[in-house]
């Protein structure tokens, strides 16, 4: 008996595609599924040619659009969606598709080469790769228990309106893996436009460091590329003003709250996967730093006013005592 594939089904009949790629309408005695391979009797074929031709055209359109959808889906899967740069000391970048699968990885220094060689990110999910990078960095000694500063750069090549959502996802993954590896870090997140990112790649420089060097130049600060590091106080001040958001992670999972003249430490339970991570905006950090500077200036001013001229540098109260 000849074989065919079911293309469409109707009560008591079906449209099939024969081994000769011809469309036929046949009578059926049982329910059939689209895509099912069946055997049929030639006596079951309807001889109404007009109906068969119309059904054949309809089936052809369905197959055509299914083929287009399948091919388009494959193309979109491998298409560049976003680039995520990581500057720990290893400096590297992960390019991902819309499904957040890594399609390419590049490094900007020898430490980055070592991490990529160990992790082998291509073809893996972004979440898996970020966790592996943190673990490998800790194992290789690039991440310490405390005092770490990390720069993350995000360049969107599609759906730029979703950059905040992707940054939040990256932040959540990094926070969990850093906590699991008992590493405290301050993380600066930067949104980098495509033009800036591509110029950095052209110069074989990390997009995060390239951006910070450009911002330093705008402020009249001349830096060699090798001096652009988040451990450099001048560069970190620029990072505070440039970053999209900043995470400050405490090793003991506590948050320091200043009340009046006393410093209180409020214990905070470790964040779970569904909770919002602790994010300190750059505006908050700048305000805090400004308040600290004003307090120091006011204290110095009051102390100088209490000094007696020509006497040892003692406060009046102490001198009278």
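The values are calculated or read from the model by the stated rules, or taken from the named source; none is laboratory data. Computed from a predicted model, the values in this text were never measured in an experiment. Here the Cβ is made from the backbone with ideal geometry for all residues, glycine too, and neighbour counts use every protein chain on show.
The table that follows gives values for the structure above.
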item: So residue 250, is it at pLDDT 50 or above, closer than 29 Å to residue 182 by Cβ and part of a helix (DSSP H, G or I); result: no
item: First in segment 152-166 and assigned by TED's automatic domain parsing to the domain that holds residue 186, second anywhere and surrounded by fewer than 14 Cβ atoms within 10 Å (Cβ to Cβ), Cβ under 6 Å, 6 or more apart; result: 155/194
item: Answer residue from segment 190-228, given it is in contact with a strand residue (DSSP E or B) (Cβ under 7 Å, 6 or more places away or on another chain) and within 17 Å of residue 106 (Cβ to Cβ) and is surrounded by the most Cβ atoms within 10 Å (Cβ to Cβ) among those; result: 208
item: Segment 229-238 - residue that is in contact with a helix residue (DSSP H, G or I) (Cβ under 8 Å, 6 or more places away or on another chain) and not in a helix (DSSP H, G or I) and, of those, surrounded by the most Cβ atoms within 10 Å (Cβ to Cβ); result: 230
item: Filtered residue count, segment 149-170, keeping only those that are assigned to a helix (DSSP H, G or I) and surrounded by fewer than 18 Cβ atoms within 10 Å (Cβ to Cβ); result: 8
item: Unmet criterion (only one of (1) surrounded by fewer than 16 Cβ atoms within 10 Å (Cβ to Cβ); (2) more than 17 Å from residue 247 (Cα to Cα)) for residue 146; result: (2)
